[in-house]
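Below is one structure, written out as structure tokens; comments come after it.
The values are calculated or read from the model by the stated rules, or taken from the named source; none is laboratory data. Owing to the predicted nature of the structure, the values given are computational and were not obtained by experimental measurement. Please note: Cβ atoms are built from the backbone with ideal geometry, for glycine as well, and neighbour counts cover all protein chains shown. Areas reflect the complete protein model, heavy atoms only, side chains present, ligands, DNA and RNA absent. Shrake-Rupley method; radii C 1.70, N 1.55, O 1.52, S 1.80 Å.
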Amino acid sequence: MKKTFVRCFHSSEEMASSAAELIRETAHNSIARQGFFTLVLSGGKTPEKLFPLLAKKVLFTDMPWDKTYLFWGDERFVSAESADSNFKTANDLLLSKINIPERNIYNMIGNMSETPETNAEQYESKIRQFFHERRSEIISFDLVLLGMGNDGHTASIFPNSAVISENKKLVCAVPAPKAAKPAVPRITMTFQLLNSSRNILFLISGPEKKTIMEKILSSNANIAEIPAAGITPKDELVWYVS
Ligand code: 6PG
């Protein structure tokens, strides 16, 4: 990992606005370099301020959605109509408001009638196929958005969970978390896949999460206890805190 940055904001609105700018800048740089931009969206509530800003055409007339490909870092194993669905949150606040081709959107759950494990395998295949079709030797997302829970989890990599030590699979099904809500099975990208990305942006709010971040940055964090400490992208790790 080359560089780590921390930016503190007075409000979550200000943080969301800066995050939207960073996404746009990374999109243009990625497209100039390789002709497309891969963005991994996070779940939970924090992105709810970011998505409407990204959807605001007046602010982002030059956001190249036609060359932008969207993925999810994790998803709850619920239908796309459920209020707990990370896809639904993004669809309601962003996807339904922008001109992005359907084929550019890689929903993590393909088929609720299949098991979480099968959906995870199929998602991994789709990711491999995506990069193979673009003759990318390595699988590496341009920008991954991540949140962090008050227990230090990120994506759906929860403390003391088996997926922490997964070093082959890129996407895994994980059982319902004991502490985090909603307590439903999840599908998550693994450290193997997340850390192959170029840049990762954490968006966190609140004093508890800031304290966890400080522990991570001081290298006093045990990855089993604080999985977010296991995030080490290839180029830049950026923490936005409000
Ligand atoms: C999920 C998320 C999860 C989230 C954190 C923070 O599916 O729950 O991906 O990792 O990012 O729990 O959630 P908040 O932003 O709601 O605090």
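Numbers at a glance
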{"quantity": "Sole residue being within 16 Å of the ligand (Cβ to nearest atom), closer than 27 Å to Phe158 by Cβ and not aliphatic (A, V, I, L, M), chosen from Phe5, Phe71", "calculated": "Phe71"}
{"quantity": "Answer residue from the stretch 127-164, given it is in a loop (DSSP other than H, G, I, E, B), out of contact with any strand residue (DSSP E or B) (no Cβ under 6 Å at 6 or more places or on another chain) and among the aliphatic types (A, V, I, L, M) and is surrounded by the most Cβ atoms within 10 Å (Cβ to Cβ) among those", "calculated": "Ile139"}
{"quantity": "Single match in Ser125, Ser165, Ser161 (criterion: over 16 Å from the mean Cα position of the chain (by Cα) and within 16 Å of the ligand (Cβ to nearest atom))", "calculated": "Ser161"}
{"quantity": "Enumeration of residues in the stretch 38-68 that are open to solvent by less than 30 Å² (accessible area, probe 1.4 Å) and either part of a strand (DSSP E or B) or away from the ligand (no atom under 14 Å from the Cβ) (or both)", "calculated": "Thr38, Leu39, Val40, Leu41, Leu54, Ala55, Phe60, Met63, Pro64, Trp65, Thr68"}
{"quantity": "Selection within the stretch 1-33 - among the hydrophobic types (A, V, I, L, M, F, W, C) and either within 20 Å of Ala228 (Cβ to Cβ) or in contact with a strand residue (DSSP E or B) (Cβ under 9 Å, 6 or more places away or on another chain) (or both)", "calculated": "Met1, Phe5, Val6, Cys8, Phe9, Met15, Ala16, Ala19, Leu22, Ile23, Ala27, Ile31"}
{"quantity": "Some residue of the stretch 169-187 being over 14 Å from Leu146 (Cβ atoms) and in a helix (DSSP H, G or I)", "calculated": "no"}
